[in-house]
Structure formats: C-alpha cells, structure tokens
Amino acid sequence: MNATINQEKKHFPVLLNELVRIISPLYGGTFIDCTFGQGEYTKKILENKTNKVIALDRDSKVEIFAREIESKFKGRFQFYNQKFSNINKLNFKNENIKAIIFDLGFSMNQISNLDTGLSFKSKGKLDMRLGLNDISSHEVVMKMDEENLKLIFKYFGEEKKAKLIARKIIKERQNKILNTENLVNIVDEINKYNFSKKNHATKIFQALRIFVNKEISELINGLINSFSLLPIGGIIAVVTFHSIEDKIVKFFFNNYSKIKNSSRYIPNDSNKIKCLKVFKTKPIKPTIEEIKKNPASRSAKLRYAQKISEENNFLEFKKKFEYLVKVESLEV
C-alpha cells in the first residue's frame with residue numbers, strides 16, 4: 001500500500017481531549033510522544049507555540065507524516081524511527097521534558113495495510129511486524145512447536161482453547177504454508193460453538209502480535225526508562241487497549257505510589273520508595289460520543305502519574321511480570 005492511500009485513512013486519536021487536559025498545565029516545554037503513528041497527539045500539542053515535541057515510532061512507514069509535521073512546525077519537532085524501550089539511549093540532555101506519552105493502539109495506516117496481517121481481512125502471508133523486528137508471525141506459526149504455541153496463546157491471548165488451536169496449527173502446516181486466512185479458519189473451526197460477537201481469531205492475533213513485537217518487555221522497559229528520563233514534576237501518561245497492557249501500567253503506577261508491598265507473593269523490595277503520584281485510581285475511559293465516532297476506542301483506558309522523587313530500582317515491577325517476559329523470550 002502506498003503512502004498516498006495510507007494518508008487517506010483517517011486516524012482518530014483516542015482520548016485526545018482527556019490527555020490534553022492532563023498535560024496542558026505543563027505547557028511550555030518538551031513533550032515526548034513515544035507512539036507517533038500519524039501524529040495526531042503531536043499536532044495537538046504543537047498547536048501551543050511554547051511547546052516542542054520529540055516523537056518515536058518503530059514503524060518507518062510513518063516517516064511521511066513526520067516530515068509533514070517537521071515542515072509545518074519548524075524547529076519544534078523531531079522524529080526518531082526507534083522503539084520506545086530505547087528512549088534512554090537518545091540524547092535529551094538539553095530538553096525541558098514535561099511529559100512522556102504512550103498510545104499503545106495501532107494507527108489506522110497499520111490496520112488498513114493488509115500486507116501487515118494485522119487485520120482479519122488480510123489474505124496474504126502472516127506478518128504482524130510493527131517495525132524493527134527479528135521475526136514475523138509467519139515464522140512463529142510455521143516453526144514453533146506445539147507447547148510453545150500453546151503458551152503464547154494462553155498468556156498473551158488469554159485463549160481457553162490454546163492447546164487445541166496450537167495442535168490444529170501443527171497439523172495443518174504439515175501440508176501447506178499457512179497464511180492469514182488459514183489461521184482465521186483454523187481458529188473458527190476450533191471455536192465454532194462459541195457465539196461471541198468478537199471475531200474468534202481476535203485473541204490469537206493479539207497473542208502473535210504481542211510475541212512478534214515483544215510488546216511486554218517493550219512496555220516494561222519503556223516505562224522504567226521513561227521514569228529515569230523524566231524530571232521530578234513530569235508526567236507519564238499511557239493509553240492501553242487490552243487487559244495485559246492495562247495490568248502492567250496499573251501495577252507500575254499504583255505500586256510505586258504506595259510504600260507497602262503490594263503482593264505477598266513477590267519478595268519485598270527494601271529499596272522501594274514512593275516515587276509516583278497517582279491522581280485517579282480508576283482509569284479514564286472514552287465517552288459514549290467518542291465510542292460512537294470511533295468504535296475501536298471502546299476498550300481504551302488512560303492512566304497517568306507524576307514523578308515525585310528520583311529513581312527506584314523497580315525490582316518488584318520486573319518480578320511481577322517475569323513470567324510473561326519468559327514466554328516472550330521463547331525461541332522460534
């Protein structure tokens with residue numbers, strides 16, 4: 001799909017007004033947009049002439065949108081084709097950073113590009129790479145053994161029939177190279193008596209996408225490295241779209257805004273200090289009006305916190321989700 005077609009696919013930034021209300025008291029400095037996409041958050045922030053935005057995105061295809069913004073807002077915008085987990089490796093030495101923002105959903109140009117295999121409407125080769133990847137979902141379904149496929153579907157898709165689907169994939173791939181359509185058909189057959197309104201393959205596609213893009217370790221390291229980069233008083237804001245992401249973000253914010261150990265199953269981190277301030281215990285969700293305009297926003301949750309003291313070693317945070325990182329590290 002060429003860049004012109006991608007540009008015609010309008011992307012609706014989720015919870016944009018709510019995000020602006022959170023960060024606008026900080027206007028007059030640099031804001032880091034860790035998931036640039038088509039740049040809707042960035043453009044809104046740059047409407048205030050006192051602001052500067054540094055944007056990151058692992059998908060090189062979004063550079064066309066970055067060039068447009070760079071031309072319009074000269075001297076106030078900078079783009080890096082980089083994973084946000086590497087945010088601490090970039091040079092922000094002279095920047096007056098006010099907030100770091102994550103929108104963990106897809107941009108419309110990624111979904112509409114059927115070559116990526118992110119859409120159930122795709123007919124071609126499985127891929128699901130969002131950029132700067134080592135493997136594709138094609139390699140996963142064609143090479144990985146049954147047990148590891150089951151673990152991926154179970155933990156990243158929360159799929160109850162993970163074992164049956166993994167077994168069916170192994171059987172089917174012996175006779176042909178599986179594509180996106182084949183995978184949808186396999187999951188449909190296993191779940192033919194499940195009358196959910198959701199597409200049966202939703203959980204499997206989610207699981208493969210998380211594994212291929214290492215989204216768990218990306219998010220964990222992105223949050224930790226963002227905290228290290230942010231000055232006291234700065235804000236981290238994250239929009240999540242599924243329960244695994246939200247669980248990670250919720251734990252990070254809540255656990256480090258309290259002194260007591262949050263779980264009796266996790267060793268107490270004696271070096272833990274209260275280093276974040278959470279203003280709302282419950283996430284901010286889209287309004288009915290926004291959901292009507294953009295149905296894809298219905299699962300979105302916005303959480304944010306302010307840094308109130310210097311770096312914590314985040315031992316508990318890493319330990320809490322170690323089991324997911326181990327699954328993500330399985331070899332293909």
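The values are calculated or read from the model by the stated rules, or taken from the named source; none is laboratory data. A quick note: this is a predicted structure, and the numbers were derived from the prediction, not measured. Positions of Cβ are backbone-derived with ideal geometry, glycine not excepted, and every protein chain shown enters the neighbour counts.
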statement: Subset of segment 24-43, residues buried (at least 22 other Cβ atoms within 10 Å of the Cβ), outside any helix (DSSP H, G or I) and not charged (D, E, K, R), comes to F31, I32, C34, T35, F36, G37, Q38, G39
- prompt: So which helices (runs of 4 or more DSSP H) stay within segment 196-295 end to end and still have 3 or more residues that are modelled with pLDDT of 95 or more and surrounded by 20 or more Cβ atoms within 10 Å (Cβ to Cβ)?
  reply: 202-213, 215-229, 243-255
message: Quick check on my filter: what residues within segment 296-310 are of a type in the set (A, V, I, L, M) and at pLDDT below 95?
response: A296
message: Quick check on this structure: which one of K301, K307 is of a type in the set (K, R), buried (at least 20 other Cβ atoms within 10 Å of the Cβ) and in contact with a Ser or Thr (Cβ under 7 Å, 6 or more places away or on another chain)?
response: K301
field: Residues being closer than 23 Å to E215 by Cα and not basic (K, R) - total across segment 67-93
entry: 10
query: In segment 76-96, which residues are touching a residue at least 40 places away in the same chain (Cβ under 8 Å), surrounded by fewer than 19 Cβ atoms within 10 Å (Cβ to Cβ) and more than 21 Å from I216 (Cα to Cα)?
result: F92, E95, N96
message: touching a residue at least 24 places away in the same chain (Cβ under 8 Å), within 19 Å of Y304 (Cβ to Cβ) and in contact with a Phe, Trp or Tyr (Cβ under 9 Å, 6 or more places away or on another chain): is that true of A66 in this structure?
response: no
task: Quick one: K143 ticks every box in (1) crowded, with 19+ Cβ neighbours inside 10 Å; (2) more than 23 Å from the chain's Cα centre (by Cα); (3) in contact (Cβ under 8 Å) with a residue 40 or more places away in the chain except a single one, so which number is it?
output: (1)
